[in-house]
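S.K.: Okay, handing you the structure first.
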Amino acid sequence: MKYNFDTVIDRLSTNSAKWSLRKELTGLEDVLPLWVADMDFACAPEIVEALKERVAHPIYGYTASSEKYYSGLIEWMKKRHDWGGIQRDWIGFTPGVVAGFNYAIQAYSHPGDKVILQPPVYYPMKMAIDNNGRRMVENPLKIVNGRYVMDYEDLEKKIDGRTKMIILCSPHNPVGRVWTRKELEQLVEVCEKKDIVIVSDEIHFDLILGKTKHTCTATISEEAMQRTVTLVAPSKTFNLAGLSNSSAIIPNKKLRDSFLNVLEGNGVHFANTFGMVSQEAAYMSGEAWLDELLVYLRGNLKYLEDFIEKKIPGLKVYPLEGTYLAWVDCSSLSLSDEKLKDFMLKKAKLWLDEGTMFGSGGSMFMRVNIACPRSTLKMALERLEKAVKGQ
């Protein structure tokens, strides 16, 4: 392989939230952090070189997006995700996907209106609903034959006149599903029938580890395109979260204008200079790095699955089709959620994300970030094995 993902990089000197907040947030300094969705790999050297070149120019003032900033994203969506025909004016800047779905909530609903989530799901989505004075409606995922699926009957029943939108997590974090085209067609059918907006968080769309290809929700049909706001970013794909750069792709002019009005009202005008440079470099020059990253992540996933099957068989790893976040059922340990968290931190010396953070259906689960050098993953699993066998 051209790129090296085995190198262990010291991140403490960078004030990394993943590593530097151990004592502050857990009370422990010796835990191994496999929690937040942040990779422990060096960025693609092509991105690093582009940033170095920009840093060499000593003025960092307000910066307009270049033509390549837009064309790079448009070409990436066409080549990697079969979404051709995206127009430049469909693309709006947001300082992160989390900011994006907060703005969408403000744009397409009013205080007291309802927003649908499909738990267990990325917890900032619930926070966004609560913080904006909206009401969350749960449409929980179901487990059928060991795999999470959507409950369309429940979804349709729960949509009423105050329900304005659904925030879709695709690929789904934390359960790791990559929704099939057929599944998305059924979702769009319900949303069309009930006339609600789909805000599709597709930040993990490049990180496909299984056989199911990611389908952008907006490409399902013309109807889907006209009611979908697609949130994307290079941050998870290329490990650029600290550069605060993402995009909202909104083909429908009415929805787009409402979204842009909210951005204006929140004082969002210029993008982060280095975020723009990194996105341009990522989409223009980072594809080879990504292809090798995916090979490495699939190797890490197999290592995790084989290790647990052979040495900690009581635990269950759900199929990880997309993202680099494994969803692990720990119910065999027979611990309460609070004791499970305590067990992972104090006995296994692992800082993971407890399943209860993700809402209904998260009890007895842990989310494990496998985007790290294999030696780090090996150390984490050996700690876990020792803790479980010494329980």
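S.K.: When you go through ALA271, ALA281, ALA288, ALA248 one by one, which is the residue that is assigned to a helix (DSSP H, G or I), buried (at least 16 other Cβ atoms within 10 Å of the Cβ) and small (Gly, Ala, Ser)?
M.R.: On inspection, the qualifying residue turns out to be ALA281.
S.K.: Checking the condition within 14 Å of the chain's Cα centre (by Cα) and either in the same structural domain as HIS110 (by TED's automatic domain parsing) or surrounded by fewer than 22 Cβ atoms within 10 Å (Cβ to Cβ) (or both), which residue from ASP151, ASP206, ASP160 passes?
M.R.: It is ASP206.
S.K.: Being outside the structural domain of SER221 (by TED's automatic domain parsing) and either farther than 29 Å from LEU350 by Cα or surrounded by 19 or more Cβ atoms within 10 Å (Cβ to Cβ) (or both): is that true of ALA50 here?
M.R.: yes
S.K.: Which residues, taken from the range 56-86, are of a type in the set (A, V, I, L, M, F, W, C) and farther than 21 Å from VAL229 by Cα?
M.R.: ALA56, ILE59, ALA64
S.K.: Let me ask another. Can you name every residue in the range 73-97 that is on the phi > 0 side of the Ramachandran plot and either buried (at least 18 other Cβ atoms within 10 Å of the Cβ) or not small (Gly, Ala, Ser) (or both)? Outline the logic, then answer.
M.R.: Filtering the range 73-97 down to residues on the phi > 0 side of the Ramachandran plot leaves 82, 85, 96.
Listed by number, the residues that qualify are ASP82, GLY96.
S.K.: Can ALA37 be described as surrounded by 11 or more Cβ atoms within 10 Å (Cβ to Cβ), in contact (Cβ under 8 Å) with a residue 12 or more places away in the chain, out of contact with any helix residue (DSSP H, G or I) (no Cβ under 7 Å at 6 or more places or on another chain) and assigned to a loop (DSSP other than H, G, I, E, B)?
M.R.: Taking the combined requirement at face value, the residue does not satisfy it.
S.K.: How do the pairs read when you match residues in the range 155-169 that are at pLDDT 95 or above with residues anywhere that are surrounded by fewer than 24 Cβ atoms within 10 Å (Cβ to Cβ) and assigned to a helix (DSSP H, G or I), using Cβ under 6 Å and keeping only pairs 6 or more apart or on different chains?
M.R.: LEU155/VAL190; GLU156/VAL190; ILE159/LYS194; LYS164/TYR108; MET165/TYR108
S.K.: Let me ask you something else. What single numbered condition from (1) crowded, with 18+ Cβ neighbours inside 10 Å; (2) aliphatic (A, V, I, L, M); (3) not in a strand (DSSP E or B) fails to hold for MET379?
M.R.: (1)
S.K.: When the residues of the range 65-88 are filtered to those that are touching a residue at least 40 places away in the same chain (Cβ under 8 Å) and more than 29 Å from THR212 (Cβ to Cβ), which remaining residue is nearest to the chain's Cα centre (by Cα)?
M.R.: TYR69
S.K.: Looking at the range 53-71, is at least one residue touching a Ser or Thr at 6+ places or on another chain (Cβ under 6 Å) and at pLDDT 95 or above?
M.R.: Checked the range 53-71: at least one residue is touching a Ser or Thr at 6+ places or on another chain (Cβ under 6 Å) and at pLDDT 95 or above.
S.K.: Given the conditions (1) at pLDDT below 95; (2) in a helix (DSSP H, G or I), and given that LYS254 satisfies all but one, which numbered condition is not satisfied?
M.R.: All conditions are met except number (1).
S.K.: Being among the aliphatic types (A, V, I, L, M), exposed (fewer than 13 other Cβ atoms within 10 Å of the Cβ) and farther than 30 Å from VAL121 by Cβ: is that true of VAL55 here?
M.R.: Working: among the aliphatic types (A, V, I, L, M): yes; exposed (fewer than 13 other Cβ atoms within 10 Å of the Cβ): yes; farther than 30 Å from VAL121 by Cβ: yes.
Taking the combined requirement at face value, the residue satisfies it.
S.K.: I've got another one for you. In contact with a strand residue (DSSP E or B) (Cβ under 9 Å, 6 or more places away or on another chain), closer than 27 Å to GLU46 by Cα and of a type in the set (Phe, Trp, Tyr): does that describe PHE238?
M.R.: So PHE238 does not fit the description; no.
S.K.: Let me ask you something else. All but one of (1) acidic (Asp, Glu); (2) closer than 26 Å to MET1 by Cβ; (3) assigned by TED's automatic domain parsing to the domain that holds ASP201 hold for ASP291; which doesn't?
M.R.: For ASP291, the failing item is (3).
S.K.: Determine which single condition ASP353 fails, assuming it passes every other condition in (1) of a type in the set (Asp, Glu); (2) surrounded by 18 or more Cβ atoms within 10 Å (Cβ to Cβ); (3) touching an Asp or Glu at 6+ places or on another chain (Cβ under 7 Å).
M.R.: Exception for ASP353: condition (3).
S.K.: Continuing with the same structure: Give me a count of the residues in the range 144-188 that are hydroxyl-bearing (Ser, Thr, Tyr) and not in a strand (DSSP E or B).
M.R.: Result for the range 144-188: 3.
S.K.: I would also like to ask the following. Restricting attention to the range 327-380, report how many residues are closer than 28 Å to MET150 by Cβ and in contact (Cβ under 8 Å) with a residue 24 or more places away in the chain. Don't jump to the end; show me each part of the working.
M.R.: Kept after step one, since they are closer than 28 Å to MET150 by Cβ, are these residues of the range 327-380: 327-332, 337, 340, 352-371.
From the residues that got through so far, the ones that are in contact (Cβ under 8 Å) with a residue 24 or more places away in the chain too are 327-331, 337, 340, 352-353, 355, 357-371.
Qualifying residue count for the region: 25.
The values are calculated or read from the model by the stated rules, or taken from the named source; none is laboratory data. Note that this is a predicted model, so its numbers are computed, not measured. Ideal geometry is used to build each Cβ from the backbone, glycine not excepted, and the neighbour counts take in all protein chains shown.
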